[in-house]
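Input: one structure, supplied below.
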Amino acid sequence: MGALADATESIDRTLTIARRFDAGRGRVFRAFVDRDAFARWIGSKGMQVTGCERSVAEGGRYRILLEGEDGECHVLTGVFREICPDERLVFSWEPQWGKDRDTPTTVTVELRDRDGGTELTLTQSVFGTLDSRDRHATYWEGCLDNLQAYLA
């Protein structure tokens, strides 16, 4: 019974968001891997990218500096684990501040052709708590709103 409970809890602590964009898969993929494009949309409402370093290759690291409206600096780091151009991107997500500091997660971005555009499915797991999952859901929804505007 313990394994079943652990599996259910892991599913509960997984975030999945699907969004359709009026842009081809190549353009959406480049918005994730091109440093300048990525820096234009990655912050959610009230956050601004103040630094973005990245080596987009499997095993390559990234570091993003975000500043909130309150002046607080947030640092995200991680490693690119899988890169399949125009199809799939997998990277670790390692916040260096706040409640989630000690709980790295994995983000998987999958792209599929859909109705003349691209369907993006973002999955992030496994969160340490449901609260963390819910806060990240709000963050990613804001980021994907920015991505929608960037691609328009």
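Give the stretch 17-53 a look and list any residue that's of a type outside the set (Ser, Thr, Tyr) and in a strand (DSSP E or B), or say none.
So the first thing to find is which residues in the stretch 17-53 are of a type outside the set (Ser, Thr, Tyr), and the list is 17-43, 45-49, 51-53.
Ile17, Ala18, Arg19, Arg20, Phe21, Met47, Gln48, Val49, Gly51, Cys52, Glu53, listed by residue number.
Let me ask something else about it. What are the residues in the stretch 54-63 that are assigned to a strand (DSSP E or B) and touching a helix residue (DSSP H, G or I) at 6+ places or on another chain (Cβ under 8 Å), if any?
Arg54
Now for a separate question. Only residues that are of a type in the set (Ser, Thr, Tyr) and in contact (Cβ under 8 Å) with a residue 24 or more places away in the chain: list them for the stretch 47-62, please. Full working, then the answer.
If we filter the stretch 47-62 for residues that are of a type in the set (Ser, Thr, Tyr), which is where we start, we get 50, 55, 62.
Those that are of a type in the set (Ser, Thr, Tyr) and in contact (Cβ under 8 Å) with a residue 24 or more places away in the chain: Ser55, Tyr62.
For every residue, the table says whether it meets (1) farther than 17 Å from Ser44 by Cα; (2) assigned to a strand (DSSP E or B); (3) at pLDDT 90 or above; (4) among the basic types (Lys, Arg).
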{"site": "Gly98", "(1), (2), (3), (4)": "no, no, no, no"}
{"site": "Thr106", "(1), (2), (3), (4)": "yes, yes, yes, no"}
{"site": "Glu110", "(1), (2), (3), (4)": "yes, yes, yes, no"}
{"site": "Leu120", "(1), (2), (3), (4)": "yes, yes, yes, no"}
{"site": "Ser132", "(1), (2), (3), (4)": "no, no, no, no"}
{"site": "Arg135", "(1), (2), (3), (4)": "no, no, no, yes"}
{"site": "Leu144", "(1), (2), (3), (4)": "no, no, yes, no"}
{"site": "Tyr150", "(1), (2), (3), (4)": "no, no, yes, no"}
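Within the stretch 21-30, is even one residue under 20 Å from Ala137 (Cα atoms) and buried (at least 16 other Cβ atoms within 10 Å of the Cβ)?
Scanning the stretch 21-30 turns up at least one residue that is under 20 Å from Ala137 (Cα atoms) and buried (at least 16 other Cβ atoms within 10 Å of the Cβ).
Of all residues in the stretch 8-20 being surrounded by fewer than 16 Cβ atoms within 10 Å (Cβ to Cβ) and charged (D, E, K, R), which is modelled with the highest pLDDT?
Arg20
Which pairs do you get when a residue that is within 21 Å of Arg61 (Cβ to Cβ), found in the stretch 25-46, comes within reach of a residue that is assigned to a loop (DSSP other than H, G, I, E, B) and not acidic (Asp, Glu), reach meaning Cβ atoms under 7 angstrom, with the pair 6+ apart or on two chains?
Here the result reads Phe29/Pro85; Val33/Val56, each pair linking the stretch 25-46 to a residue that is assigned to a loop (DSSP other than H, G, I, E, B) and not acidic (Asp, Glu).
Under the condition of being among the acidic types (Asp, Glu) and surrounded by fewer than 16 Cβ atoms within 10 Å (Cβ to Cβ), which residue from the stretch 36-85 is nearest to the chain's Cα centre (by Cα)? So that I can check it myself, show each step before the final result.
Quick first cut of the stretch 36-85, residues among the acidic types (Asp, Glu) only: 36, 53, 58, 67, 69-70, 72, 82.
Checking which are surrounded by fewer than 16 Cβ atoms within 10 Å (Cβ to Cβ) leaves us with 36, 53, 58, 69-70, 72, 82.
Working: Asp36: 16, Glu53: 16, Glu58: 16, Glu69: 21, Asp70: 22, Glu72: 20, Glu82: 14 Å.
Only one residue fits best here, namely Glu82.
Follow-up. For Asp86, are the conditions met, namely being under 20 Å from Cys143 (Cα atoms), among the acidic types (Asp, Glu), at pLDDT below 95 and not in a strand (DSSP E or B)?
no
Does the stretch 50-62 contain any residue that is at pLDDT below 95 and within 19 Å of Ile17 (Cα to Cα)?
no
The values are calculated or read from the model by the stated rules, or taken from the named source; none is laboratory data. Keep in mind that what you see is a predicted model, and the values were worked out from it rather than measured. No Cβ is skipped: glycine too gets one built from the backbone with ideal geometry, and neighbour counts run over all protein chains shown.
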